[in-house]
Amino acid sequence: MSIKAEEISALIKQQIENYDSDIEVNDVGTVIEIGDGIARVHGLDNVMSGELVEFSNGVMGMAQNLEENNVGVVILGPFTEIREGDEVRRTGRIMQVPVGDELIGRVVNSLGQPVDGNGPIESTNTRPIEAKAPGVMDRKSVDEPLQTGIKVIDSMVPIGRGQRELIIGDRQTGKTSIAIDTILNQKEEDVICIYVAIGQKDSTVSGVVETLRQRGAMDYTIVVNAGASEPAPLLYLAPYAGVTMGEEFMYNGKHVLVVYDDLSKQAAAYRELSLLLRRPPGREAFPGDVFFLHSRLLERAAKLSDEKGGGSLTALPFVETQAGDIGAYIPTNVISITDGQIFLQSDLFHSGVRPAINPGLSVSRVGGSAQIKAMKKVAGTLRLDLASFRELESFAQFGSDLDKATQAKLDRGQRTVEILKQGLHQPQRVEYQVAIIYALVNGFLDDIPVEDVVRFEEELHAYLKQHGSEILNHIRETGKLPETDEFNKVISDFKNTFVVSE
Ligand SMILES: Nc1ncnc2c1ncn2[C@@H]1O[C@H](COP(=O)(O)OP(=O)(O)OP(=O)(O)O)[C@@H](O)[C@H]1O
Ligand SMILES: [Mg+2]
C-alpha cells in the first residue's frame, strides 16, 4: 500500500484548519473558582467590562473584574449548580433590560423578567442598563412641580420634575408610605412611576403592589423587585434597571418618577460583591467607588430641554439611617449628590406627628422655583412659624404667665402641627392644600380647639367642593390665589356652619 503525497497534505491542511477553529479560546472560558455569587473564569481574554456571559447550565453572569489571568464574574441567578471546570461563553452583549409601555402595570426583577405570574412581557425594545446621563446642553432647570399630595412636603420642601430628593430616616418611620402616597397622587398628573424595591421582604413588596393595584395606581406604575432573598448582584443592579426603564419614557417626552427604596441596601449588596471580588475595602468596608455607584445613578435624573422633548425623570432615593445618624458614610454621600433631603424622625413618628418629617432638617434646593404661586404665597412663613413654635414650646413648659403674643404664637404653632399631619394613603390635590393652609395662616383656625382642627379641615374641603368649586378651579388652572375677599368670604361662610365639639 502506497502513501499518496496529496492525501497526506490534504490531511495536514484539514488538521491545520480544524486547529484554527478549535482555538477560539477568547469566547469560551472555564470556571476555575466558585464562591457565593461569584465565579473566577479563565480564558475569556476579550470579554468586555460589564458584558453578559452564559454558564453551561444557562445561568447568566456579568463580567466585573478583568484581571491578568482571570475574569471575576458575578452570577445573576442560582449559583449552586455551577461547578469548577464548567464552560462559560461570551454573549457579546452588555447587560440590557426590556423597556416600553408593555412593562407598565407589571412586577419585574432586575433583569426585566416578569415575576407577577401574568405571562411574558411582549416588549421588543431594550436598553443597556448603564447609560450616560444627559449632558449639560440637553438639560433645562427644574420648572414644573411634582406634586406628592403630602402637605408638609408640597408646602415646605417642594419637589420639581427632574429633581433628585433624598428621603432619609431610621427604620419604621414611614419612608415607604411617602413613596406609595406620592405614586397614588400621580393618578391625574400624567407621570409614569417606577418603584424599585431593593432588599425588602417579598411580603412587604407584595403589600405595596396590592395597595397600588387596589387604588388603580398600577395602571401607570412599574415595580422592579430585587428581594432580600435574591443574590447580591441582583440587588446591586435593580436601581439601574429601574432608571433605564424610566429613561425610555423620558426621552419620549414623558414625565417619570423613580423611587429607589432603598439605596443603603443596594450599597450593602455592592459591598458584598466587591469584597467577594477581592476589591480593596475602604471606609465601613465599602469599596472606593461606592460614591460613583450612587452618583452615576442619580445623575440620570434630569429635566430635558424643549429641543429634547421636555421629558423629565425625578428620582426619590431612600436611605435608611441608624439611630438618626445622617453623618454616616452612605447618608453623607447621597446627601451631597442630591438636590435636597427630607428627614424623617422616629421620635416625631412615635409622638403621633405623621408624616414624621422634620422641617428644620429638610430642604429642597431647586423645587422652590417649581412651586405654584399660590402655594408659595401661603406657605411662605410656615417654616419660620414652626421653628419659632418649637423653640417657644420647650420654653413655655416652665411658666404659665405668657404674654399675649407668645400665647398666640403657641396657639398658631399647635394648629400648624395639626394641619401638617396627614393619614396614610390620603394624598391631597394642591388646590385643597392651598385652601387649608390659607385658612391657617390667615388666622381662621386660631379660635378652633386643637382637637377639632382635623375635622375642620375635612369639612372645609367638603364645603369647598360644593360651594367653592370656582375657587378650587381657579387655583388649579392659574396656579394663583383667588381674590382675597372672595376667598375669605367662602371660608367665613363655612366657619359659621362649623360646630365646635364640646
Ligand atoms: N402618615 C401615616 N399615618 C399613619 N400611619 C403611618 C403613616 N405613615 C406610615 N405609617 C405606618 O407606619 C408603619 C411604617 O411605615 P413604613 O413601612 O412606610 O416605614 P418605613 O420607614 O418604610 O419602614 P421600613 O424601615 O421597615 O422600610 C406602617 O405600619 C405604616 O402604616
Ligand atoms: Mg420601607
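Summarising the amide proton neighbourhood of I150: residues at separation of 5 or more, or on other chains, whose placed amide H is nearer than 5 Å comprise Q428. Taking each residue as 0.36 nm, the span from S351 to E102 lengthens on full extension beyond its C-alpha to C-alpha distance by 85.3 nm.
For A301, what is the net charge nearby, where nearby means another residue's Cβ is under 12 Å from its Cβ and Lys, Arg count +1, Asp, Glu -1?
Its environment carries a net charge of +2.
Shape analysis of the range 5-94 based on the Cα gyration tensor places the equivalent ellipsoid semi-axes at 32, 13, 11 Å, largest first. Counted by Cβ distance under 9 Å from V53, the other residues give a net charge of 0, where Lys and Arg count +1 and Asp and Glu count -1. Could you check what % of the DSSP bridge pairs in the chain are antiparallel, to the nearest 5? Expressed as a percentage, antiparallel bridges in the chain total about 55. Equivalent-ellipsoid semi-axes for the range 326-446 (Cα gyration tensor, √(5λ), whole Å, largest first): 26, 21, 14.
Taking the square roots of 5 times each eigenvalue of the Cα gyration tensor of the range 239-290, largest first, gives ellipsoid semi-axes of 30, 11, 8 Å.
Using the Karplus equation 6.51 cos²θ - 1.76 cosθ + 1.60 (θ = phi - 60°), what ³J(HN,Hα) coupling, rounded to whole Hz, does each residue of the range 260-274 give in order, writing x for Gly and Pro? Coupling constants for the range 260-274: 10, 10, 9, 6, 5, 6, 5, 4, 5, 5, 5, 4, 4, 6, 5 Hz.
Both radii were evaluated on the Cα set of the range 407-449; the Rg over Rh quotient, with Rh as the Kirkwood radius, amounts to 1.00.
The overall shape of the range 50-96 is oblate: from the C-alpha gyration tensor, with semi-axes ordered a ≥ b ≥ c, the ratio a/c is 1.5 or greater and a/b is no larger than b/c.
Label positions at K421 and S388, each projected 7 Å from the Cα along the C-beta direction, are separated by 2.4 nm.
Per-residue ellipticity at 222 nm, computed for the chain from helices alone with -39500 (n - 2.57) per DSSP H run of at least four residues, works out to -12000 deg cm²/dmol. With Cα atoms defining each centre, the range 312-370 and the range 71-120 are spaced 33 Å apart in the structure. Rounded to whole numbers, the Karplus 3J(HN,Hα) couplings from phi for the range 78-89 are x, 10, 6, 8, 8, 10, 4, x, 5, 7, 10, 10 Hz, using 6.51 cos²θ - 1.76 cosθ + 1.60 with θ = phi - 60°, and x at Gly and Pro.
Checking the table K151/K377; K377/K421; K421/K495; K151/K308 against a 23 Å threshold on Cα-Cα, which pairs fail?
Details: K151/K377 14 Å; K377/K421 20 Å; K421/K495 21 Å; K151/K308 32 Å.
Too far apart for the 23 Å limit: K151/K308.
Taking packing as the residue-averaged number of other Cβ atoms within 10 angstrom, the listed peptides 116-123, 244-251, 129-136 run from highest to lowest as 244-251, 129-136, 116-123.
Within the chain, the percentage of alpha carbon pairs spaced more than 33 angstrom apart rounds to 48%. The slack between L275 and E84, meaning 0.36 nm per residue of separation minus the straight C-alpha distance, is 66.7 nm. For the range 3-157, the alpha-carbon radius of gyration amounts to 1.61 times the rule-of-thumb value 2.2 N^0.38 Å expected for a compact globular protein. The calculated P(r) of the range 378-497, using every Cα pair and 5 Å bins from 0, goes 2, 10, 21, 21, 19, 13, 7, 4, 2, 0 in percent. Summed over all non-identical Cα pairs, the Kirkwood treatment of the range 97-371 gives a radius of 18.6 Å. Put simply, when 173-186, 318-331 are sorted by average Cβ atoms within 10 angstrom per residue, most first, you get 173-186, 318-331.
Beyond 25 Å in Cα-Cα separation lie the following of the pairs K175/K409; K140/K254; K201/K303: K175/K409; K201/K303.
The R93 and R213 beta-carbon pair, evaluated with R₀ = 35 Å, returns a calculated FRET efficiency of approximately 0.55.
Readers should treat all values here as calculations from the given coordinates under stated rules, not as data from a laboratory. All values derive from a computational prediction rather than experimental measurement. Counting neighbours? That spans all protein chains shown, and the Cβs are built from the backbone with ideal geometry, glycine included.
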